[in-house]
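Below: the structure, in C-alpha coordinates.
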Amino acid sequence: MSFTLAIIGRPNVGKSTLFNRLVGQKLALVDDQPGVTRDRREGRGRLGDLDFTIIDTAGLDQGPRGSLTARMQEQTETAIADADALMFVFDARAGLTPSDRAFADFARRANKPVVLIANKSEGKHGEAGALESYALGLGEPIPISAEHGEGMGDLYDALAPLMPEPAADDEEAPDFDDAGDETEGRPARAIRVAVLGRPNAGKSTLINRLLGEERLLTSPEAGTTRDAIAVDVEWKGRPFRVFDTAGLRRRSRIEDKLEKLSVSDALRAVRFAEVVVLVMDAQHMFEEQDLRLADLIEREGRAIVLAVNKWDLMDRAPNRIARLREEADHLLPQVRGAPVVAVSGMMGEGIDRLMTAIEQAYATWNRRISTSQINRWFERAVANNPPPAVSGRRLKMNYITQTKARPPSFVLFCSRTDAVPASYLRYLSNSLRETFDLPGTPLRITLREKANPFAHKAKRKS
(Lines give C-alpha, C1' and ligand atoms only; values in the text may rest on other atoms or scores of the structure.)
Protein backbone atom coordinates (compact mmCIF):
# COMPACT_ATOMS: atom_id res chain seq x y z
CA MET A 1 0.00 0.00 0.00
CA SER A 2 1.36 3.44 -0.95
CA PHE A 3 2.17 5.84 1.89
CA THR A 4 1.09 9.43 1.20
CA LEU A 5 2.79 12.58 2.47
CA ALA A 6 1.34 16.07 2.06
CA ILE A 7 3.63 19.11 2.13
CA ILE A 8 1.85 22.02 3.81
CA GLY A 9 2.77 25.50 5.00
CA ARG A 10 2.24 29.16 4.26
CA PRO A 11 3.13 30.56 0.82
CA ASN A 12 6.73 30.90 -0.34
CA VAL A 13 8.45 28.70 2.24
CA GLY A 14 9.88 26.28 -0.37
CA LYS A 15 7.22 23.54 -0.50
CA SER A 16 7.47 23.08 -4.28
CA THR A 17 11.28 23.07 -4.14
CA LEU A 18 11.11 20.24 -1.58
CA PHE A 19 8.54 18.42 -3.73
CA ASN A 20 10.86 18.61 -6.76
CA ARG A 21 13.77 17.39 -4.63
CA LEU A 22 11.85 14.33 -3.43
CA VAL A 23 10.41 13.34 -6.83
CA GLY A 24 13.83 13.82 -8.45
CA GLN A 25 12.76 16.20 -11.21
CA LYS A 26 11.46 19.75 -11.64
CA LEU A 27 7.76 19.02 -11.92
CA ALA A 28 6.37 21.91 -9.86
CA LEU A 29 6.87 25.54 -10.83
CA VAL A 30 9.18 27.41 -8.46
CA ASP A 31 9.49 31.19 -8.17
CA ASP A 32 10.26 33.79 -5.49
CA GLN A 33 6.76 35.17 -5.93
CA PRO A 34 4.38 33.78 -3.26
CA GLY A 35 1.30 31.80 -4.26
CA VAL A 36 2.77 30.15 -7.37
CA THR A 37 1.21 26.74 -6.57
CA ARG A 38 -2.59 26.65 -6.78
CA ASP A 39 -3.71 23.11 -7.57
CA ARG A 40 -2.44 20.18 -5.56
CA ARG A 41 0.10 18.08 -7.43
CA GLU A 42 0.95 14.44 -6.79
CA GLY A 43 4.19 12.62 -7.56
CA ARG A 44 6.16 9.49 -6.70
CA GLY A 45 8.70 10.46 -4.06
CA ARG A 46 11.84 8.61 -3.05
CA LEU A 47 14.32 9.22 -0.25
CA GLY A 48 16.93 6.51 0.15
CA ASP A 49 14.99 3.24 0.21
CA LEU A 50 11.72 4.98 1.17
CA ASP A 51 9.04 5.13 -1.55
CA PHE A 52 5.90 7.17 -1.12
CA THR A 53 3.30 9.34 -2.82
CA ILE A 54 3.90 13.01 -2.17
CA ILE A 55 1.46 15.90 -2.60
CA ASP A 56 2.51 19.50 -3.17
CA THR A 57 -0.15 21.94 -1.99
CA ALA A 58 -0.99 25.60 -2.26
CA GLY A 59 0.29 27.77 0.57
CA LEU A 60 -2.21 27.83 3.42
CA ASP A 61 -3.78 31.26 3.35
CA GLN A 62 -7.10 32.72 4.40
CA GLY A 63 -9.57 34.34 2.04
CA PRO A 64 -13.26 35.21 1.76
CA ARG A 65 -15.64 32.30 1.15
CA GLY A 66 -15.94 31.44 -2.56
CA SER A 67 -12.77 33.34 -3.51
CA LEU A 68 -9.89 31.74 -5.42
CA THR A 69 -7.78 31.82 -2.23
CA ALA A 70 -10.48 30.01 -0.27
CA ARG A 71 -10.81 27.35 -2.99
CA MET A 72 -7.03 26.90 -2.99
CA GLN A 73 -7.25 26.22 0.75
CA GLU A 74 -10.02 23.68 0.10
CA GLN A 75 -7.63 21.86 -2.25
CA THR A 76 -5.02 21.81 0.52
CA GLU A 77 -7.56 20.52 3.03
CA THR A 78 -8.43 17.69 0.64
CA ALA A 79 -4.73 16.79 0.34
CA ILE A 80 -4.43 16.73 4.15
CA ALA A 81 -7.47 14.44 4.40
CA ASP A 82 -5.97 12.05 1.81
CA ALA A 83 -2.49 11.99 3.40
CA ASP A 84 -1.14 9.52 5.94
CA ALA A 85 1.30 12.10 7.39
CA LEU A 86 2.09 15.79 6.96
CA MET A 87 5.32 17.69 6.38
CA PHE A 88 4.82 21.15 7.83
CA VAL A 89 7.36 23.49 6.19
CA PHE A 90 8.35 26.93 7.44
CA ASP A 91 11.06 29.40 6.42
CA ALA A 92 13.85 29.22 9.01
CA ARG A 93 15.46 32.43 7.75
CA ALA A 94 12.25 34.42 8.16
CA GLY A 95 11.45 32.82 11.51
CA LEU A 96 7.95 32.07 12.73
CA THR A 97 5.09 34.30 11.60
CA PRO A 98 1.52 34.53 12.92
CA SER A 99 0.45 32.54 9.85
CA ASP A 100 2.85 29.73 10.75
CA ARG A 101 1.41 29.58 14.26
CA ALA A 102 -2.18 29.57 13.00
CA PHE A 103 -1.56 26.82 10.51
CA ALA A 104 0.42 24.76 13.01
CA ASP A 105 -2.83 24.60 15.00
CA PHE A 106 -4.58 23.58 11.76
CA ALA A 107 -2.05 20.75 11.25
CA ARG A 108 -2.50 19.53 14.84
CA ARG A 109 -6.28 19.33 14.40
CA ALA A 110 -5.75 16.98 11.43
CA ASN A 111 -4.80 14.32 14.01
CA LYS A 112 -2.06 12.88 11.78
CA PRO A 113 1.69 12.52 12.25
CA VAL A 114 3.45 15.83 11.51
CA VAL A 115 7.11 16.24 10.55
CA LEU A 116 8.23 19.81 11.22
CA ILE A 117 10.68 20.99 8.53
CA ALA A 118 12.79 24.13 8.91
CA ASN A 119 13.61 24.92 5.28
CA LYS A 120 16.31 27.39 4.18
CA SER A 121 18.30 26.51 7.31
CA GLU A 122 21.71 27.10 5.79
CA GLY A 123 23.67 29.83 7.63
CA LYS A 124 23.36 31.41 11.09
CA HIS A 125 19.99 33.03 10.45
CA GLY A 126 18.52 29.65 9.56
CA GLU A 127 19.79 28.06 12.77
CA ALA A 128 18.09 30.71 14.91
CA GLY A 129 14.77 30.30 13.09
CA ALA A 130 14.90 26.52 13.46
CA LEU A 131 15.33 26.82 17.25
CA GLU A 132 12.42 29.26 17.41
CA SER A 133 10.08 26.63 15.94
CA TYR A 134 10.03 24.57 19.14
CA ALA A 135 7.30 27.01 20.25
CA LEU A 136 4.91 25.45 17.72
CA GLY A 137 4.65 22.30 19.80
CA LEU A 138 5.12 20.00 16.78
CA GLY A 139 8.27 18.34 18.01
CA GLU A 140 11.88 18.71 16.94
CA PRO A 141 12.40 20.63 13.67
CA ILE A 142 14.36 19.00 10.84
CA PRO A 143 16.74 21.65 9.44
CA ILE A 144 17.11 21.28 5.65
CA SER A 145 17.84 23.22 2.50
CA ALA A 146 15.53 21.86 -0.20
CA GLU A 147 17.29 23.96 -2.84
CA HIS A 148 20.78 22.62 -2.05
CA GLY A 149 19.79 19.13 -0.87
CA GLU A 150 21.14 19.60 2.66
CA GLY A 151 19.61 17.75 5.61
CA MET A 152 18.06 14.93 3.55
CA GLY A 153 19.63 12.32 5.86
CA ASP A 154 17.90 13.84 8.90
CA LEU A 155 14.62 13.97 6.96
CA TYR A 156 15.04 10.27 6.13
CA ASP A 157 15.46 9.47 9.83
CA ALA A 158 12.26 11.38 10.63
CA LEU A 159 10.17 9.74 7.89
CA ALA A 160 11.39 6.13 8.20
CA PRO A 161 9.50 5.37 11.47
CA LEU A 162 6.24 6.61 9.90
CA MET A 163 6.37 4.22 6.95
CA PRO A 164 4.24 1.06 7.11
CA GLU A 165 5.91 -2.32 7.28
CA PRO A 166 5.93 -4.01 3.84
CA ALA A 167 3.45 -6.86 3.46
CA ALA A 168 4.93 -10.33 3.55
CA ASP A 169 4.00 -11.05 -0.06
CA ASP A 170 4.98 -7.66 -1.51
CA GLU A 171 8.27 -8.96 -2.88
CA GLU A 172 6.48 -11.74 -4.79
CA ALA A 173 3.88 -9.46 -6.34
CA PRO A 174 4.21 -9.23 -10.12
CA ASP A 175 5.69 -6.02 -11.48
CA PHE A 176 3.38 -4.71 -14.19
CA ASP A 177 5.59 -2.45 -16.26
CA ASP A 178 3.93 0.01 -18.66
CA ALA A 179 6.00 -1.11 -21.61
CA GLY A 180 3.80 -3.68 -23.24
CA ASP A 181 1.41 -5.68 -21.04
CA GLU A 182 -1.92 -6.14 -22.75
CA THR A 183 -5.37 -6.97 -21.52
CA GLU A 184 -7.84 -8.23 -24.13
CA GLY A 185 -5.67 -6.84 -26.91
CA ARG A 186 -5.31 -3.36 -25.36
CA PRO A 187 -2.11 -1.87 -23.94
CA ALA A 188 -2.26 -1.94 -20.14
CA ARG A 189 -0.50 1.38 -19.66
CA ALA A 190 -2.29 4.69 -19.66
CA ILE A 191 -2.54 6.87 -22.76
CA ARG A 192 -0.87 10.22 -22.03
CA VAL A 193 -3.20 13.08 -22.97
CA ALA A 194 -2.38 16.81 -22.75
CA VAL A 195 -5.28 19.29 -22.72
CA LEU A 196 -4.20 22.51 -24.41
CA GLY A 197 -5.89 25.76 -25.31
CA ARG A 198 -6.17 29.49 -24.87
CA PRO A 199 -6.85 30.96 -21.40
CA ASN A 200 -10.40 30.47 -20.11
CA ALA A 201 -11.35 27.89 -22.75
CA GLY A 202 -12.63 25.59 -19.99
CA LYS A 203 -9.82 23.01 -19.86
CA SER A 204 -9.88 22.44 -16.08
CA THR A 205 -13.68 22.29 -16.00
CA LEU A 206 -13.62 19.65 -18.73
CA ILE A 207 -11.08 17.52 -16.85
CA ASN A 208 -13.05 17.85 -13.60
CA ARG A 209 -16.07 16.51 -15.49
CA LEU A 210 -13.99 13.54 -16.69
CA LEU A 211 -12.92 12.85 -13.10
CA GLY A 212 -16.36 13.39 -11.61
CA GLU A 213 -14.95 15.68 -8.90
CA GLU A 214 -13.62 19.22 -8.42
CA ARG A 215 -10.01 18.06 -8.57
CA LEU A 216 -8.67 21.14 -10.40
CA LEU A 217 -9.24 24.79 -9.56
CA THR A 218 -11.57 26.62 -11.91
CA SER A 219 -12.46 30.30 -12.07
CA PRO A 220 -14.16 32.73 -14.48
CA GLU A 221 -10.93 34.71 -14.54
CA ALA A 222 -8.29 33.64 -17.06
CA GLY A 223 -4.96 32.23 -15.92
CA THR A 224 -6.16 30.18 -12.94
CA THR A 225 -4.07 27.12 -13.90
CA ARG A 226 -0.30 27.54 -13.67
CA ASP A 227 1.32 24.12 -13.30
CA ALA A 228 0.73 21.28 -15.75
CA ILE A 229 -1.16 18.95 -13.38
CA ALA A 230 -1.40 15.21 -14.17
CA VAL A 231 -4.49 13.27 -13.10
CA ASP A 232 -5.48 9.65 -13.74
CA VAL A 233 -8.77 8.93 -15.52
CA GLU A 234 -10.36 5.59 -16.33
CA TRP A 235 -12.92 5.33 -19.12
CA LYS A 236 -14.57 2.02 -20.01
CA GLY A 237 -11.74 0.14 -18.36
CA ARG A 238 -9.02 2.02 -20.23
CA PRO A 239 -6.58 4.16 -18.17
CA PHE A 240 -5.62 7.66 -19.26
CA ARG A 241 -3.11 10.07 -17.71
CA VAL A 242 -4.45 13.54 -18.43
CA PHE A 243 -2.38 16.73 -18.11
CA ASP A 244 -4.15 20.01 -17.46
CA THR A 245 -2.08 22.94 -18.73
CA ALA A 246 -2.00 26.71 -18.38
CA GLY A 247 -3.82 28.71 -21.05
CA LEU A 248 -1.44 29.80 -23.80
CA ARG A 249 -1.62 33.35 -25.12
CA ARG A 250 0.33 34.81 -28.01
CA ARG A 251 4.02 35.13 -27.21
CA SER A 252 3.99 38.90 -27.74
CA ARG A 253 1.49 39.30 -24.89
CA ILE A 254 3.50 37.30 -22.34
CA GLU A 255 5.58 39.56 -20.11
CA ASP A 256 5.20 38.12 -16.61
CA LYS A 257 7.99 35.72 -15.61
CA LEU A 258 5.55 33.35 -13.92
CA GLU A 259 3.41 33.12 -17.06
CA LYS A 260 6.54 32.28 -19.07
CA LEU A 261 7.25 29.43 -16.64
CA SER A 262 3.65 28.21 -17.01
CA VAL A 263 3.96 28.25 -20.80
CA SER A 264 7.19 26.23 -20.64
CA ASP A 265 5.47 23.71 -18.38
CA ALA A 266 2.54 23.41 -20.81
CA LEU A 267 4.87 22.88 -23.77
CA ARG A 268 6.72 20.18 -21.84
CA ALA A 269 3.38 18.43 -21.26
CA VAL A 270 2.73 18.48 -25.02
CA ARG A 271 6.12 16.90 -25.74
CA PHE A 272 5.45 14.22 -23.13
CA ALA A 273 1.92 13.49 -24.38
CA GLU A 274 0.79 11.04 -27.04
CA VAL A 275 -2.55 12.69 -27.80
CA VAL A 276 -3.23 16.43 -27.40
CA VAL A 277 -6.78 17.71 -27.01
CA LEU A 278 -6.96 21.28 -28.31
CA VAL A 279 -9.84 22.94 -26.46
CA MET A 280 -11.52 25.87 -28.21
CA ASP A 281 -14.25 28.15 -26.92
CA ALA A 282 -17.39 27.51 -28.98
CA GLN A 283 -18.12 31.25 -29.00
CA HIS A 284 -14.65 32.10 -30.38
CA MET A 285 -13.57 29.17 -32.55
CA PHE A 286 -10.53 28.89 -34.81
CA GLU A 287 -8.96 32.15 -33.71
CA GLU A 288 -5.37 32.81 -34.71
CA GLN A 289 -3.96 31.40 -31.46
CA ASP A 290 -6.00 28.20 -31.88
CA LEU A 291 -4.44 27.70 -35.32
CA ARG A 292 -0.96 28.39 -33.92
CA LEU A 293 -1.46 25.79 -31.20
CA ALA A 294 -2.72 23.21 -33.70
CA ASP A 295 0.36 23.84 -35.83
CA LEU A 296 2.56 23.42 -32.73
CA ILE A 297 0.94 20.05 -31.97
CA GLU A 298 1.51 18.90 -35.56
CA ARG A 299 5.16 19.99 -35.50
CA GLU A 300 5.67 18.07 -32.25
CA GLY A 301 4.25 15.00 -34.01
CA ARG A 302 1.39 14.36 -31.59
CA ALA A 303 -2.07 12.99 -32.35
CA ILE A 304 -4.66 15.77 -32.15
CA VAL A 305 -8.33 15.98 -31.17
CA LEU A 306 -10.21 19.28 -31.53
CA ALA A 307 -12.68 19.81 -28.66
CA VAL A 308 -15.20 22.64 -29.07
CA ASN A 309 -16.13 23.46 -25.46
CA LYS A 310 -19.08 25.41 -24.03
CA TRP A 311 -21.33 23.86 -26.69
CA ASP A 312 -24.30 24.30 -24.34
CA LEU A 313 -24.15 28.05 -25.08
CA MET A 314 -24.57 27.57 -28.85
CA ASP A 315 -27.70 27.16 -30.94
CA ARG A 316 -28.12 23.59 -32.26
CA ALA A 317 -28.43 24.32 -35.97
CA PRO A 318 -28.59 21.24 -38.25
CA ASN A 319 -25.24 20.08 -39.71
CA ARG A 320 -23.36 22.51 -37.45
CA ILE A 321 -20.71 19.90 -36.57
CA ALA A 322 -20.28 18.89 -40.21
CA ARG A 323 -19.61 22.52 -41.13
CA LEU A 324 -17.10 22.76 -38.27
CA ARG A 325 -15.22 19.74 -39.63
CA GLU A 326 -15.10 21.30 -43.07
CA GLU A 327 -13.78 24.55 -41.58
CA ALA A 328 -11.15 22.63 -39.61
CA ASP A 329 -9.95 20.82 -42.75
CA HIS A 330 -9.75 24.12 -44.61
CA LEU A 331 -7.87 26.00 -41.87
CA LEU A 332 -5.69 23.08 -40.73
CA PRO A 333 -4.75 21.09 -43.86
CA GLN A 334 -1.66 19.71 -42.09
CA VAL A 335 -3.96 17.63 -39.82
CA ARG A 336 -6.78 17.08 -42.31
CA GLY A 337 -9.47 14.82 -40.89
CA ALA A 338 -8.67 15.54 -37.23
CA PRO A 339 -11.73 14.67 -35.10
CA VAL A 340 -13.88 17.63 -34.06
CA VAL A 341 -15.97 16.96 -30.95
CA ALA A 342 -18.56 19.29 -29.43
CA VAL A 343 -18.45 19.14 -25.62
CA SER A 344 -19.61 21.00 -22.54
CA GLY A 345 -17.40 20.60 -19.50
CA MET A 346 -19.98 22.42 -17.40
CA MET A 347 -22.95 20.25 -18.43
CA GLY A 348 -21.10 17.00 -19.18
CA GLU A 349 -22.15 16.81 -22.82
CA GLY A 350 -20.04 14.92 -25.36
CA ILE A 351 -17.62 13.32 -22.87
CA ASP A 352 -18.05 9.80 -24.28
CA ARG A 353 -17.54 11.09 -27.83
CA LEU A 354 -14.39 12.91 -26.74
CA MET A 355 -12.86 9.85 -25.08
CA THR A 356 -13.72 7.70 -28.11
CA ALA A 357 -12.02 10.26 -30.38
CA ILE A 358 -8.90 10.24 -28.16
CA GLU A 359 -8.69 6.46 -28.31
CA GLN A 360 -9.15 6.43 -32.09
CA ALA A 361 -6.58 9.20 -32.60
CA TYR A 362 -4.11 7.23 -30.49
CA ALA A 363 -4.70 4.09 -32.58
CA THR A 364 -4.18 6.01 -35.82
CA TRP A 365 -1.01 7.61 -34.46
CA ASN A 366 0.36 4.11 -33.79
CA ARG A 367 -0.60 2.60 -37.15
CA ARG A 368 1.87 0.66 -39.27
CA ILE A 369 1.47 -0.22 -42.94
CA SER A 370 3.19 -3.15 -44.59
CA THR A 371 5.84 -2.38 -47.23
CA SER A 372 3.94 -4.33 -49.90
CA GLN A 373 0.72 -2.37 -49.28
CA ILE A 374 2.40 0.98 -49.28
CA ASN A 375 4.35 0.34 -52.46
CA ARG A 376 1.24 -0.83 -54.32
CA TRP A 377 -0.36 2.46 -53.31
CA PHE A 378 2.82 4.35 -54.25
CA GLU A 379 2.89 2.92 -57.79
CA ARG A 380 -0.72 3.96 -58.35
CA ALA A 381 -0.21 7.42 -56.84
CA VAL A 382 2.84 8.14 -59.05
CA ALA A 383 1.12 6.72 -62.15
CA ASN A 384 -1.99 8.88 -61.57
CA ASN A 385 0.04 12.03 -60.91
CA PRO A 386 3.70 11.78 -62.01
CA PRO A 387 6.20 14.19 -60.40
CA PRO A 388 6.94 17.28 -62.48
CA ALA A 389 10.01 17.60 -64.67
CA VAL A 390 12.69 19.92 -63.27
CA SER A 391 15.13 21.59 -65.70
CA GLY A 392 13.87 19.27 -68.43
CA ARG A 393 14.61 16.11 -66.40
CA ARG A 394 11.89 13.87 -65.03
CA LEU A 395 12.22 13.02 -61.31
CA LYS A 396 12.40 9.30 -60.70
CA MET A 397 10.43 7.94 -57.75
CA ASN A 398 11.82 4.55 -56.71
CA TYR A 399 9.95 3.24 -53.65
CA ILE A 400 8.70 4.15 -50.19
CA THR A 401 8.74 2.39 -46.81
CA GLN A 402 7.44 3.13 -43.32
CA THR A 403 10.28 3.51 -40.82
CA LYS A 404 8.26 4.04 -37.63
CA ALA A 405 4.92 4.94 -36.11
CA ARG A 406 4.06 7.53 -33.43
CA PRO A 407 3.54 9.42 -35.76
CA PRO A 408 3.54 7.39 -39.00
CA SER A 409 6.87 8.20 -40.69
CA PHE A 410 8.03 7.18 -44.16
CA VAL A 411 11.21 7.31 -46.23
CA LEU A 412 10.81 7.98 -49.96
CA PHE A 413 13.72 6.99 -52.20
CA CYS A 414 14.03 9.09 -55.34
CA SER A 415 16.60 10.42 -57.80
CA ARG A 416 16.97 14.09 -56.75
CA THR A 417 15.75 14.96 -53.26
CA ASP A 418 16.47 18.68 -53.61
CA ALA A 419 14.21 19.00 -56.64
CA VAL A 420 11.01 17.41 -55.27
CA PRO A 421 8.42 20.20 -54.86
CA ALA A 422 6.64 20.64 -51.53
CA SER A 423 3.31 20.52 -53.40
CA TYR A 424 4.08 16.99 -54.59
CA LEU A 425 4.84 15.85 -51.03
CA ARG A 426 1.49 17.32 -49.94
CA TYR A 427 -0.20 15.33 -52.70
CA LEU A 428 1.43 12.13 -51.44
CA SER A 429 0.51 12.92 -47.81
CA ASN A 430 -3.14 13.55 -48.67
CA SER A 431 -3.28 10.40 -50.76
CA LEU A 432 -1.74 8.41 -47.88
CA ARG A 433 -4.38 9.73 -45.49
CA GLU A 434 -7.26 8.80 -47.78
CA THR A 435 -5.97 5.37 -48.82
CA PHE A 436 -4.91 4.08 -45.41
CA ASP A 437 -7.43 5.94 -43.24
CA LEU A 438 -4.99 8.17 -41.35
CA PRO A 439 -7.20 11.16 -40.46
CA GLY A 440 -5.76 13.97 -38.39
CA THR A 441 -2.47 12.39 -37.38
CA PRO A 442 0.79 14.11 -38.41
CA LEU A 443 2.61 12.36 -41.26
CA ARG A 444 6.34 12.51 -41.89
CA ILE A 445 7.83 11.84 -45.35
CA THR A 446 11.63 12.01 -45.54
CA LEU A 447 13.35 12.07 -48.92
CA ARG A 448 16.46 10.02 -49.57
CA GLU A 449 18.42 9.54 -52.78
CA LYS A 450 18.80 5.98 -53.94
CA ALA A 451 22.46 5.04 -54.34
CA ASN A 452 23.62 4.67 -57.95
CA PRO A 453 25.22 1.19 -58.24
CA PHE A 454 27.37 2.35 -61.20
CA ALA A 455 28.71 5.50 -59.57
CA HIS A 456 31.56 3.71 -57.75
CA LYS A 457 32.72 1.87 -60.89
CA ALA A 458 32.65 5.09 -62.93
CA LYS A 459 34.88 6.80 -60.39
CA ARG A 460 37.39 3.94 -60.43
CA LYS A 461 37.63 4.04 -64.27
CA SER A 462 38.29 7.76 -64.29
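The values are calculated or read from the model by the stated rules, or taken from the named source; none is laboratory data. On a predicted model such as this, the values are computed, not experimentally measured, just so you know. Backbone-built Cβ (ideal geometry, glycine too); neighbour counts: all protein chains shown. The area values use the complete protein model at the heavy-atom level, side chains included, leaving out ligands, DNA and RNA. Shrake-Rupley method; radii C 1.70, N 1.55, O 1.52, S 1.80 Å.
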Of all residues in region 199-210, how many are of a type outside the set (Val, Ile, Thr) and either at pLDDT 90 or above or part of a helix (DSSP H, G or I) (or both)? 6
Within region 381-403, which residues are over 28 Å from ILE304 (Cβ atoms) and either in contact with a strand residue (DSSP E or B) (Cβ under 9 Å, 6 or more places away or on another chain) or at pLDDT 90 or above (or both)? VAL382, ALA383, ASN384, PRO386, PRO387, PRO388, LEU395, LYS396, MET397, ASN398, TYR399
Only unsatisfied item for ARG406, checking (1) of a type in the set (D, E, K, R); (2) modelled with pLDDT under 90; (3) open to solvent by 60 Å² or more (accessible area, probe 1.4 Å), is (2)
Contacts under 6 angstrom Cβ, first residue in region 331-355 being in contact (Cβ under 8 Å) with a residue 12 or more places away in the chain and of a type outside the set (D, E, K, R), partner open to solvent by 60 Å² or more (accessible area, probe 1.4 Å) and not in a strand (DSSP E or B), 6 or more apart: VAL340/ARG325; VAL341/ARG353; GLY345/ARG209; GLY348/ARG209
Output for Cβ contacts, cut-off 6 Å, separation at least six or different chains, first residue over 16 Å from GLY137 (Cβ atoms) and without any contact (Cβ under 8 Å) to a residue 40 or more places away in the chain in region 81-94, second among the basic types (Lys, Arg) and assigned to a loop (DSSP other than H, G, I, E, B), reads ARG93/LYS120
Do we find a residue being farther than 21 Å from LEU136 by Cβ and modelled with pLDDT of 60 or more anywhere in region 57-67? no
Filtering region 107-138 down to residues that are open to solvent by less than 40 Å² (accessible area, probe 1.4 Å) and more than 22 Å from VAL23 (Cα to Cα), which residue is modelled with the lowest pLDDT? GLY126
Pull up region 341-357, narrow it to residues that are more than 17 Å from ASN208 (Cβ to Cβ) and of a type in the set (A, V, I, L, M), then point me to the one that is surrounded by the most Cβ atoms within 10 Å (Cβ to Cβ). ALA357
Which residue is surrounded by the most Cβ atoms within 10 Å (Cβ to Cβ), if the candidates are limited to region 365-400 and must be assigned to a strand (DSSP E or B) and either of a type in the set (S, T, N, Q) or in contact with a Phe, Trp or Tyr (Cβ under 6 Å, 6 or more places away or on another chain) (or both)? ILE400
Limited to region 341-377, what total is found for residues that are farther than 23 Å from PHE240 by Cβ and either among the aromatic types (Phe, Trp, Tyr) or within 19 Å of the chain's Cα centre (by Cα) (or both)? 1
Please verify whether ARG192 is modelled with pLDDT of 85 or more and either closer than 21 Å to ALA273 by Cβ or assigned to a helix (DSSP H, G or I) (or both), treating the condition exactly as stated. yes
Considering only region 404-425, state which residues are touching a residue at least 12 places away in the same chain (Cβ under 8 Å) and within 34 Å of the chain's Cα centre (by Cα). ALA405, ARG406, PRO407, PRO408, SER409, PHE410, VAL411, LEU412, LEU425
Qualifying position, being in a loop (DSSP other than H, G, I, E, B) and at pLDDT below 60, among GLY223, GLY247: GLY223
Restricting to region 287-320, name every residue that is in a loop (DSSP other than H, G, I, E, B) and open to solvent by 20 Å² or more (accessible area, probe 1.4 Å). GLU287, GLU300, ARG302, LYS310, MET314, ASP315, ARG316, ALA317, PRO318, ASN319
Over region 409-439, the set of residues open to solvent by 40 Å² or more (accessible area, probe 1.4 Å), charged (D, E, K, R), part of a helix (DSSP H, G or I) and under 30 Å from GLU359 (Cβ atoms) is ARG426, GLU434
